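Chemist: Please read through the structure below; I'll follow up with questions.
The values are calculated or read from the model by the stated rules, or taken from the named source; none is laboratory data. Model, not experiment: these values are computed from the prediction. Note that each Cβ is placed from the backbone with ideal geometry, even for glycine, and that neighbours are counted across all protein chains shown. For the accessible areas, the whole protein counts, side chains as well, though only heavy atoms, and no ligand, DNA or RNA atoms are used. Shrake-Rupley method; radii C 1.70, N 1.55, O 1.52, S 1.80 Å.
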Amino acid sequence: MTDSPTTPPATSPGSPRVVVITGASRGIGRLLARKLGAQGAAVVVNYKVNAELAEESLADVVAAGGSGFTIQADVEQPEAIDALFDQVRERYGRLDAFVANAAASAFKPVAHLKPHHLDRSYAMNTRSFVLGAIRAAELMDAGGRILAITSYGSQRAFATYAALGAAKAANESYVKYMANEFGPRGITVNAVNGGLIDTDSLDYFYNRVPGMAPVETVFEKIPLGRPGTADDMADAAEFLLSEKAGYITGQVLTVDGGLTVVAPPFWADTTGALRAAVLGEPGDA
């Protein structure tokens with residue numbers, strides 16, 4: 001764990017909003033940390049392995065006007081989750097928002113999944129969210145925000161994504177239950193569900209999983225015709241963490257360019273006059 005020299009004491013007047021983001025050393029988590037830093041938040045940057053990337057993420061937060069500290073914690077381990085939130089309690093005495101962003105799984109066909117794949121996928125993605133949310137809520141005496149980052153594999157089935165997609169679906173179900181039970185305490189619980197988001201994870205899935213379809217063939221099926229960006233996801237998360245979303249809870253905000261609302265036959269596959277009428281391209285007379 002590394003402290004930022006700008007971390008204020010918990011008792012200081014006008015103390016900042018305190019936010020924990022798991023997996024905040026890169027990608028969506030890092031961008032969200034920076035955005036919250038620009039609002040003056042104290043961001044707890046959690047990471048599993050790469051301390052250097054975590055320090056760079058914290059530097060982004062500080063440069064944007066925020067504060068915070070980094071903390072190494074493998075959230076697959078319950079004791080590491082406890083240690084993380086113990087540190088938050090010790091430093092700030094409270095918490096305003098918790099973002100469960102860290103994720104990992106094995107990309108294999110269902111028939112090839114082994115017990116250890118299932119155990120680790122559950123522990124890393126679902127159990128870490130539930131245990132983290134429980135600890136986070138304990139620190140939200142004045143209300144707060146809990147947010148899960150999920151993906152469209154929770155809603156749609158596609159090759160090799162079963163273990164992670166099922167875990168994300170479980171998280172979205174937990175969001176509803178938590179919203180019901182934590183609501184009387186002034187805590188909102190929501191999820192941001194991403195489609196094809198241009199991150200390291202997308203690159204890994206489409207370029208390193210043997211036999212995977214070319215990602216370009218999927219992009220053309222998206223109504224908006226492009227992959228999403230980490231900024232698209234971070235902007236949605238920032239909104240749900242804001243005061244403007246104070247009456248939104250138990251919801252899943254889908255950020256996918258329309259991917260999950262379409263089905264075969266896709267407009268991208270149409271031809272002739274039909275394609276011309278819909279897509280504005282030259283067609284048959």
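Chemist: Quick check, is Tyr161 touching a residue at least 40 places away in the same chain (Cβ under 8 Å), over 17 Å from Gly194 (Cα atoms) and hydroxyl-bearing (Ser, Thr, Tyr)?
Modeler: For Tyr161, the condition - touching a residue at least 40 places away in the same chain (Cβ under 8 Å), over 17 Å from Gly194 (Cα atoms) and hydroxyl-bearing (Ser, Thr, Tyr) - is not met.
Chemist: For region 124-165, which positions are among the small types (Gly, Ala, Ser) and either outside any helix (DSSP H, G or I) or closer than 17 Å to Asp86 by Cα (or both)?
Modeler: Selection gives Ser128, Gly132, Ala133, Ala136, Ala137, Ala142, Gly143, Gly144, Ala148, Ser151, Ala157, Ala159.
Chemist: Something else: Considering region 229-285 alone, what residues qualify as being within 25 Å of Tyr152 (Cα to Cα), more than 28 Å from the chain's Cα centre (by Cα) and of a type in the set (Gly, Ala, Ser)?
Modeler: Ala268
Chemist: With the requirement that a residue be small (Gly, Ala, Ser), in a loop (DSSP other than H, G, I, E, B) and open to solvent by less than 30 Å² (accessible area, probe 1.4 Å), what does region 243-274 give you? First the steps, then the outcome.
Modeler: Here is the first cut: in region 243-274, the residues small (Gly, Ala, Ser) are 245-246, 250, 257-258, 263, 268, 272-273.
Still in the list and also in a loop (DSSP other than H, G, I, E, B): 246, 250, 257-258, 263.
Listed by number, the residues that qualify are Gly250, Gly257, Gly258.
Chemist: Let me ask you something else. Please go through region 72-83 and pick out each residue that is surrounded by fewer than 23 Cβ atoms within 10 Å (Cβ to Cβ) and within 21 Å of the chain's Cα centre (by Cα).
Modeler: Of everything in region 72-83, those that are surrounded by fewer than 23 Cβ atoms within 10 Å (Cβ to Cβ) and within 21 Å of the chain's Cα centre (by Cα) turn out to be Gln72, Asp74, Glu76, Gln77, Pro78, Ala80, Asp82.
Chemist: Return only the number of the condition from (1) within 30 Å of Val261 (Cβ to Cβ); (2) open to solvent by less than 30 Å² (accessible area, probe 1.4 Å) that Gly132 does not satisfy.
Modeler: (1)
Chemist: Same structure, new question: Exactly one of these conditions fails for Ala106: (1) crowded, with 16+ Cβ neighbours inside 10 Å; (2) out of contact with any His (no Cβ under 8 Å at 6 or more places or on another chain). Give me its number.
Modeler: Tallying (1) crowded, with 16+ Cβ neighbours inside 10 Å; (2) out of contact with any His (no Cβ under 8 Å at 6 or more places or on another chain), Ala106 fails exactly one: (2).
Chemist: Continuing with the same structure: With in a helix (DSSP H, G or I), polar (S, T, N, Q) and open to solvent by less than 10 Å² (accessible area, probe 1.4 Å) as the only criterion, which of Asn207, Asn171, Asn180 stands out?
Modeler: Asn171
Chemist: Oh, and also: May I ask you to list the residues in region 114-129 that are touching a residue at least 12 places away in the same chain (Cβ under 8 Å) and surrounded by fewer than 19 Cβ atoms within 10 Å (Cβ to Cβ)?
Modeler: Initial filter on region 114-129 (touching a residue at least 12 places away in the same chain (Cβ under 8 Å)): 117-118, 120-129.
Residues satisfying the conditions are His117, Leu118, Arg120, Tyr122, Ala123.
Chemist: Are any residues in region 24-49 more than 22 Å from Gly143 (Cβ to Cβ), modelled with pLDDT of 95 or more and either among the basic types (Lys, Arg) or surrounded by fewer than 24 Cβ atoms within 10 Å (Cβ to Cβ) (or both), and if so, which ones?
Modeler: Matches in region 24-49: Arg30, Leu31, Arg34, Ala38, Lys48.
Chemist: Sort out which residues of region 196-228 are β-branched (Val, Ile, Thr) and within 19 Å of the chain's Cα centre (by Cα), and write them in order of number.
Modeler: Of everything in region 196-228, those that are β-branched (Val, Ile, Thr) and within 19 Å of the chain's Cα centre (by Cα) turn out to be Ile197, Thr199.
Chemist: Please specify each residue of region 90-103 satisfying the condition of being open to solvent by 40 Å² or more (accessible area, probe 1.4 Å) and within 13 Å of the chain's Cα centre (by Cα).
Modeler: Of everything in region 90-103, just one residue is open to solvent by 40 Å² or more (accessible area, probe 1.4 Å) and within 13 Å of the chain's Cα centre (by Cα), namely Ala103.
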